[in-house]
Amino acid sequence: GYDTVKPFLDDLQKAREAVIAIYDEVLGPPESPDDVSIVLDLPEGSERAEELLAPYGFRDMARAHRDLRHLAYGHEVTATPCEPRPATIRLLPRLLEQLRTSPDPDRGLTNVEQALRALGAVESFSDLLASHPGFLELLVTLCSGSQSLTDTVLRDPALIDWMLYGGVLLRERKLIEIRLTLGAGLAGLADPEQIERTIQTFRKQEILRVGLRYLLGLADDEEIGHQLSAVADAVLGELYRRAVDDALERHGQPLNENGEPTGLVVLALGKLGSREMNFGSDLDLVFVHGAEGSTDTGRDNITVFSQIAQRIMRDVSEPTRHGTLYEVDARLRPEGKNGPLTISLNGYRHYLSTRANTWERQALTRARLIAGPEPLRTTVRDAIDTYVYGPSSTDTIADVASMRSRMEDAAREKYGSRPNIKTGPGGLVDAEFIAQLGQILYGTDDESLRGLDTVQSLRHLQERELLRSSVAETLISGYRTLRNLQIRLRIRDEHAHNVLPTDEDQLRVLARTLGEPTADALERMIGDTMS
């Protein structure tokens, strides 16, 4: 219920000080500056230094010792260094205590050292962190919890000020707020380079905000899906608007056979369509245009629509000096990745009624129109609903079961005995397929089943007594457990991981992030969930 960040931090500081006072009374205070000074004065490779650092959970004691000395003395440290930075000496005991309880003390310390160095003001920022434990906790949570988010900050240290002082972590943001933020940042910009940089910065800030809320325990898996999808919606909406405005200026307004304006809509499928995006998720996009014909300047409509779609695809997925916004998966387009980039409404209707497969019908349960003129959106929505929620038969159920079996076989062939939490037996796809099949079978008569995400759909089927309550609860619980695991896997580097790492140290770190004491306990938990 805080309107600004300062009252929140003040209350957090009071609560932390009360807890620390009790902790110190019972267990004694943390390592004193004198103890830290002993570690800093010892030469690199010292066994005594490793003994003093052992309680903090570091795997590489020598690297930890070196990082601490760099924090205290800078990177030009010699065998007989000058006096250490006073503010850093005050910070280090609290920093070590924060690292002790973090999932990855080694990564956390190295990244904190690099972050302070990137800011170029180690002494003043150390003083700030030593005086504000809430800020310190936030920085350690970031630096130990996600390398990709930390790298974002290291490449743009100004983001540290943004996340500490902007109040951006206090609550979930609405889609309209996210869109307005992007629009305000772009207001008045005309230079393509500035526009590109602004959109990239916006996306990075928003993903940092969403990721930090998750790492701090302020957001759950559902918020992650909704917020990441809202960010993608905002980016695509802006790119669509600019591509269309440019095309209209150059070629004129596309018209139908009656001389009325027509346009192009963007259809989101997959996790973007169902608002269940994860870190590293790609975008499944389909472009559908209105009537063929020509613009009011005589230009062929299809050429104009194709140029708009190509511009959006290029702006979204091509690497630039500022990075890549999103990867785009074209396999869900009509005729697949080798099909035309954009398809007419009539062509799309014909495709759905004559050539679409059951798996495409499943995919379209997630379909969501995210850009384009409203009349065309409504018409495309009606065409999709007519196909998805049309008559079904036992063949539909058999097709879904057959596809699920093939996915399980592929997961076993690729990963062997390593569980794939997405497509392996008992994985996320089990719950998703049941939810989609329920929507197909019952969505004809119950329109409230349409357009729901996986958990919402399962809950709705449960409430309508179309799915046994015990089955629904098991599916939902398992789905959310695996979804949280998938988020933890992907937030590390924003890659689409669906299997556990083979490295033992990485497994132990992953186990700690999920509250499991050991890697073996984590693997047992996953086995129980997927069984």
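Read the figures in this text as sums done on the coordinates, not as results from a lab. Every value quoted in this text rests on a predicted model; they were computed, and no experiment measured them. No Cβ is skipped: glycine too gets one built from the backbone with ideal geometry, and neighbour counts run over all protein chains shown.
Taking only the Cα atoms of the stretch 31-145, the ratio Rg/Rh comes out at 0.92, with Rh defined as the Kirkwood radius.
Note on Ser469 and His75: their simple-model spin labels are 6.2 nm apart, each label 7 Å out from Cα toward Cβ. Taking packing as the residue-averaged number of other Cβ atoms within 10 angstrom, the listed peptides 413-421, 425-433 run from highest to lowest as 425-433, 413-421. Which residues does a label at Glu193 reach in the stretch 284-327, if reach means a backbone N under 16 Å from a point 7 Å past the Cα toward the Cβ? So the set is 320-323.
Cβ-to-Cβ counts within 10 Å put Lys174, Lys422 in ascending order as Lys174, Lys422, the fewest first.
Relative to the current alpha-carbon distance between Arg321 and Thr354, full extension at 0.36 nm per residue lengthens the span by 7.5 nm. 3J(HN,Hα) couplings calculated from phi for the stretch 283-300 with the Karplus curve 6.51 cos²θ - 1.76 cosθ + 1.60 (θ = phi - 60°) are, in sequence order, 10, 9, 10, 10, 10, 10, 10, x, 5, 6, x, 9, 7, 6, 10, x, 7, 4 Hz; Gly and Pro show x. Since only Ser102, Val122, Leu208 are under comparison, the one whose Cα sits farthest along the positive direction of the charge dipole of the stretch 99-221, derived from C-beta charges on Lys, Arg, Asp and Glu, is Leu208. Dipole magnitude for the stretch 31-145: computed about the Cα centre from +1 point charges on Lys and Arg Cβ and -1 point charges on Asp and Glu Cβ, it is near 280 debye. Each pair of Cα atoms in the chain enters the Kirkwood radius, and Stokes-Einstein at 25 °C and 0.890 mPa s then converts it into a translational diffusion coefficient of 95 µm²/s. Since only Ala383, Thr198, Thr324 are under comparison, the one whose Cα sits farthest along the positive direction of the charge dipole of the stretch 175-388, derived from C-beta charges on Lys, Arg, Asp and Glu, is Thr324. Close amide-amide hydrogen proximity is noted between Leu283 and Glu327, Val328, Asp329, each under 5 Å apart and 5 or more residues distant or on a separate chain (H modeled in the peptide plane; Pro and chain starts excluded).
Of the beta bridges in the chain, as assigned by DSSP with both residues counted there, near 75 percent are antiparallel. Net charge dipole, the chain: roughly 960 debye, given to the nearest 20, about the Cα centre with Cβ charges of +1 for Lys and Arg and -1 for Asp and Glu.
Between the helical axis of 221-251 and the longest alpha-carbon principal axis of the chain there is an angle of about 50 degrees. For the stretch 31-145, averaging the sequence separation of C-alpha pairs within contact (under 8 Å, six or more residues apart) and dividing by the residue count gives a relative contact order of 27 percent.
Placing +1 on each Lys and Arg Cβ and -1 on each Asp and Glu Cβ, with no other charges, gives the stretch 394-530 a dipole about its Cα centre of roughly 280 debye.
Across the cross-link table entries Lys337/Lys422; Lys204/Lys414; Lys174/Lys337, which are compared at the Cα atoms, the separations over 25 Å belong to Lys204/Lys414; Lys174/Lys337.
Take each peptide in 150-161, 96-107, 311-322, count the other Cβ atoms within 10 Å of every residue, and average; sorted highest first, the result is 96-107, 150-161, 311-322.
Rounded if a/c is under 1.5, else prolate if a/b beats b/c, else oblate: with a ≥ b ≥ c from the C-alpha gyration tensor eigenvalues square-rooted, which is the stretch 258-403? Because a/c hits 1.5 or more and a/b fails to exceed b/c, the stretch 258-403 counts as oblate.
With the charge dipole of the stretch 394-530 set up from +1 on Lys and Arg Cβ and -1 on Asp and Glu Cβ about the Cα centre, the Cα lying farthest toward the positive end among the listed residues Leu507, Leu452, Val400 is that of Leu507. For Ala371, the residues whose modelled amide H falls within less than 5 Å of its own, excluding neighbours fewer than 5 places apart on the same chain, are Val266.
Taking amide H as placed 1.01 Å from N in the peptide plane, the amide H of Leu255 sits under 5 Å from that of Thr262, Ser294, Thr295, Asp296, each at least 5 places away or on another chain. Among Lys271, Lys204, Lys337, a tally of other beta-carbon atoms within 10 Å of each Cβ gives an order, fewest to most, of Lys337, Lys204, Lys271. With helices as the sole contributors, the chain gives -20500 deg cm²/dmol at 222 nm; each DSSP H run of n ≥ 4 counts as -39500 (n - 2.57), and the sum is divided by every residue.
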